[in-house]
Each structure stands twice: as structure tokens, then as C-alpha cells.
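Single-structure report; data block below.
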Amino acid sequence: KLKTRDGDMALEAVQDFTKQGRLVLESPDQKDQFAKLYELGTKALETGRALRVQLSLELQNRLEARSDAYLTRIAVLGSLSVLAAIVSMYLALGFMVATLKGISALHRALKEGTKGNLATKVEVPGTDELAEISREFERMLDVLVAQVRQEGAALP
């Protein structure tokens, strides 16, 4: 809260000046009264100027404090944004690498299967669609191997 002492002094000086001005206008001895009025007017102006200076400094201090608080908030939010971007890129990169590894493993198994190697194992970890497709492909190969063996055993 702003200090009211200087404000009270300025108000008191203006009131004294006004009171003295009335006395001057009503007084027969105006020369002494004008000197007193001049003195009170000067005091009122000086205290008013001092109050303006004090209020300006107080306002400047408050604005600087508010500015510092906003800069701190901006720095914190900027840091959090950069951190969130880094984490997002890391997660996206991890997803991409895992997906590419799974596709590569499935592709190798398909190539081996077309070469006639039905005993190929496809190892794609996880529970996503690609891992499920890989497990189904292995089951298909197991069924094919079982059918080939069964037909081979049935031949004379």
C-alpha cells in the first residue's frame, strides 16, 4: 500500500494555501498576507511534487515486479514446452523404430517362407497389430508345416 504520509502532507499544504488565500482576499494588510500566501503556495507545490515523485517510483517498482513475474512465467512455460516437444519426439522416434523393426522381421520371415523355409520364427514383441499379424503368420506357417508332414507321412 502506498505511504499516505506524503499524500496527507500535500493535502494539508493545499488546504493551508486555500485558507490563507481566503484570508488575503479578506484582509486589509495584504502585503504580509501575500508573502504568507506565496510561502504556503510554494510549500503546496513542493509537497505535491514530492508526492508525484514517490508515487512514480512506487508505480515503477510495481511494474518492474510484475514484469519480472511475467518473464519468470514465460521462462517456465517455454521450458515446459521444449521438454514436451523433446518427449513427443522421443516417443514418436521410439514408435517409428519399433514399427520398422517389426515390419523388417515380418518381411524377412515372408522372404524365408517364399524360399520354402516354413520353420522361420517371426519375433515381433508387443501387443499391437503388427505383433498380432506376426503371431498369426507363425501360426499359418505351423499349420502349413503340419499339413506338409501329414501329407508326407500319408505317401507310400
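The values are calculated or read from the model by the stated rules, or taken from the named source; none is laboratory data. Keep in mind the model is a prediction, meaning the values are calculated, not measured. Note that each Cβ is placed from the backbone with ideal geometry, even for glycine, and that neighbours are counted across all protein chains shown. The accessibility values were calculated without ligands, DNA or RNA, using every heavy atom of the protein model including side chains. Shrake-Rupley method; radii C 1.70, N 1.55, O 1.52, S 1.80 Å.
Match the structure shown to one of the listed values (1) 78; (2) 56; (3) 60 of percent of Cα pairs over 18 Å apart, computed from it, and give that label.
(1)
Within the accessible area of region 49-156, what % is carbon and sulfur when the probe is 1.4 Å and the other protein chains stay in place?
66
Quick one: Cα centre-to-centre distance for region 115-156 and region 61-101, in angstrom?
47
How many lysine pairs in the chain, separated by 8 or more positions in sequence or lying on different chains, have Cα atoms less than 15 Å apart?
Final tally of qualifying lysine pairs is 4.
Normalised by the residues of the chain, what does the relative contact order come to in percent, with Cα pairs under 8 Å and at least six apart?
On the way: 76 pairs, mean separation 22.8, N = 156.
Contact order relative to length: 15 percent.
How big is the accessible area of Ile103 in square angstrom, nearest 10, if you roll a 1.4 angstrom probe over the protein chains?
For Ile103, solvent-accessible area is about 80 Å².
Check each of the trypsin sites (Lys or Arg not before Pro) in region 88-138 and keep only those in coil by DSSP with at most 15 other C-beta atoms within 10 angstrom; list them in order. List each step's numbers first, then the result.
On the way: sites: Lys101, Arg108, Lys111, Lys115, Lys121, Arg135; in loops: Lys115, Lys121.
Within region 88-138, the qualifying trypsin sites (Lys or Arg not before Pro) (loop, at most 15 other Cβ atoms within 10 Å) are Lys115, Lys121.
Per residue, how much accessible area does the chain have with a 1.4 Å probe, in Å²?
Counting only protein heavy atoms, the per-residue value for the chain is 81 Å².
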